[in-house]
Structures are given as structure tokens and as C-alpha cells.
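All remarks here apply to the structure that follows.
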Amino acid sequence: MKKKITKKTIVRGLSQLFFLGLFTALLAHKRLQLWMPVFAAGVLLSLIFNRFYCGWMCPMGTLFRPINWLYSKLGIKRLKTPGILQNNIFRFFTLMLLAAGVILTLKFKIKVNILLYIVLLSVIVTLFFEESFWHKHLCPYGALLSLSARPSVLSVKIQEDNCISCGRCQGVCPSDAIVTLESKKRRIVKKECLVCFKCQEVCPVDVIQYRS
């Protein structure tokens with residue numbers, strides 16, 4: 001499945017490296033709490049640009065890339081999302097757990113870096129399960145962004161009239177955000193899209209656009 005390498009692809013890669021470097025620097029200087037304003041900015045950006053944070057800024061998504069590349073080269077298949085965990089209620093349960101954890105650590109002045117443990121957990125999970133398991137069913141930040149992104153002005157869309165139903169976009173979507181319609185055409189579920197443009201890179205008829 002040949003991908004089109006565009007300026008957008010290169011800029012996204014550089015953006016991911018920049019924010020991963022920033023995350024690492026904050027971690028090294030024990031100032032990782034300063035990442036929360038970055039995430040807050042991502043939530044605000046999602047009101048206009050959809051889940052831009054997930055595809056361009058999130059350190060977890062960036063760390064998944066070498067894992068995906070290595071597994072692809074070695075032909076390693078990962079486990080699919082367990083059926084019992086596919087309910088949306090579970091992802092918001094993890095969000096509530098995160099909120100409770102933050103409140104307790106602040107109240108009792110417990111020195112534990114919750115964000116770091118979430119990143120480590122995401123990597124461990126993605127070593128064994130398909131990437132979509134984390135993005136769509138486990139990530140507490142993804143749960144929050146799936147709410148804030150609903151009214152977003154811009155989003156990645158498929159021109160369904162010109163879609164040839166090849167399914168290539170569906171095969172590369174890291175968050176399982178593309179569904180098949182009765183007509184066999186594909187549609188992107190806005191609140192689940194990471195704005196990573198992987199679908200656009202493999203579309204053979206260029207019917208995927210980022211627009212209002």
C-alpha cells in the first residue's frame with residue numbers, strides 16, 4: 001500500500017518530534033506538570049481543528065510510530081480490542097480515574113507523575129494490542145478530546161460520491177475512525193479522527209480532504 005509523502009506528512013513528523021523533545025526535556029528537568037498547558041491548548045484547538053493534538057502533538061502517538069514500523073517490518077500481528085472493552089463507557093471511566101487521581105495527589109500532596117505513567121502504560125498496551133485500542137477505548141485524554149472536538153470547524157472528510165470503496169483508508173486508520181456504509185463507501189467519524197492524514201496519504205483517488 002503505497003503512501004504519498006507530502007509536505008504535510010513531513011511537517012507533521014517534525015511537529016511530533018518537536019513536541020516529543022519538549023516532553024522529554026520537561027521530564028528530564030522534573031517539570032512535566034508544565035505539559036498540562038500544552039494539552040489544554042490542544043483541547044482549545046480541537047474546537048476548530050478537531051483532534052489536532054492527537055495527530056500532531058501527543059507524545060504517545062509519536063512513540064507508537066516506531067513500534068508500528070518495527071511490527072510491520074517483522075510481520076507481527078497484535079491483538080484486537082477485547083469486545084468487553086469496546087463500550088464507550090469504559091473510556092470515560094478511565095477519564096474519571098485520571099481526574100480522581102489528580103485530585104487525590106493534589107489533596108494529599110503525593111509526589112507521583114501521573115502523566116508519565118499514562119505514557120508508559122500506552123506504550124505497553126500498544127506493544128500487545130492494535131493502536132486503536134489505546135486511542136479509541138483507553139486514552140483518558142482521547143476521551144476528553146472526543147467531546148471537545150465534536151463542534152470543530154475543520155475535520156477530515158471523505159467525498160462519498162467519489163469514493164471507490166477500496167477500503168485503503170480504513171486499513172491505515174490508527175484510531176479505527178472510518179466506518180463502512182451500506183453503500184460500501186467509507187465515512188470518517190469526526191470525534192474519533194486523529195487528524196493524522198494517513199487515510200489521505202493512501203487514497204488512490206484523492207477524495208479525502210481537511211475542510212469545514
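The values are calculated or read from the model by the stated rules, or taken from the named source; none is laboratory data. These numbers come from a predicted model, not from an experiment. Cβ sites come from the backbone with ideal geometry, for glycine too, and all protein chains shown count toward neighbours.
Which of the residues that make up segment 151-191 are within 14 Å of F52 (Cβ to Cβ) and charged (D, E, K, R)? Result: K190, K191. Every condition in (1) surrounded by 12 or more Cβ atoms within 10 Å (Cβ to Cβ); (2) without any contact (Cβ under 8 Å) to a residue 60 or more places away in the chain; (3) not polar (S, T, N, Q) is met by I103 except one, and the failing one is (1). Residue check: is I164 over 16 Å from R211 (Cα atoms), surrounded by 21 or more Cβ atoms within 10 Å (Cβ to Cβ) and modelled with pLDDT of 95 or more? It is false that I164 is over 16 Å from R211 (Cα atoms), surrounded by 21 or more Cβ atoms within 10 Å (Cβ to Cβ) and modelled with pLDDT of 95 or more.
Name every residue in segment 77-135 that is in contact with an Asp or Glu (Cβ under 7 Å, 6 or more places away or on another chain) and either on the phi > 0 side of the Ramachandran plot or among the charged types (D, E, K, R) (or both), in order of residue number. Residues satisfying the conditions are R78, K80. Checking E131 against (1) in contact with a Pro (Cβ under 6 Å, 6 or more places away or on another chain); (2) under 22 Å from A40 (Cβ atoms), which single condition isn't satisfied? The single condition E131 does not satisfy is (2). Cβ separations smaller than 6 Å between residues 6+ apart or across chains give the following pairs from segment 43-58 residues that are of a type in the set (G, A, S) to residues that are not in a loop (DSSP other than H, G, I, E, B): S46/L145; S46/S148.
When the residues of segment 106-119 are filtered to those that are within 19 Å of P140 (Cα to Cα) and loosely packed, with under 13 Cβ neighbours inside 10 Å, the one that is farthest from the chain's Cα centre (by Cα) is L106. Here A177 meets each of (1) on the phi > 0 side of the Ramachandran plot; (2) touching an Asp or Glu at 6+ places or on another chain (Cβ under 6 Å) with one exception, condition (1).
Taking segment 96-208 as the region of interest, none of the strands (runs of 3 or more DSSP E) fully inside it holds 3 or more residues being within 25 Å of T62 (Cβ to Cβ) and in contact with a helix residue (DSSP H, G or I) (Cβ under 7 Å, 6 or more places away or on another chain). Any residue that is in the same structural domain as K30 (by TED's automatic domain parsing), assigned to a helix (DSSP H, G or I) and touching a Gly at 6+ places or on another chain (Cβ under 9 Å) - is there at least one of those in segment 65-76? Checked segment 65-76: at least one residue is in the same structural domain as K30 (by TED's automatic domain parsing), assigned to a helix (DSSP H, G or I) and touching a Gly at 6+ places or on another chain (Cβ under 9 Å).
Pairing each residue of segment 79-91 that is closer than 18 Å to P140 by Cα with any residue that is hydroxyl-bearing (S, T, Y) and in a helix (DSSP H, G or I), provided the two are 6+ apart or on different chains, yields C-beta distances under 8 Å for T81/S132; R91/S146.
Of all residues in segment 178-196, those being surrounded by 15 or more Cβ atoms within 10 Å (Cβ to Cβ) and either more than 17 Å from the chain's Cα centre (by Cα) or more than 15 Å from Y210 (Cα to Cα) (or both) number 3.
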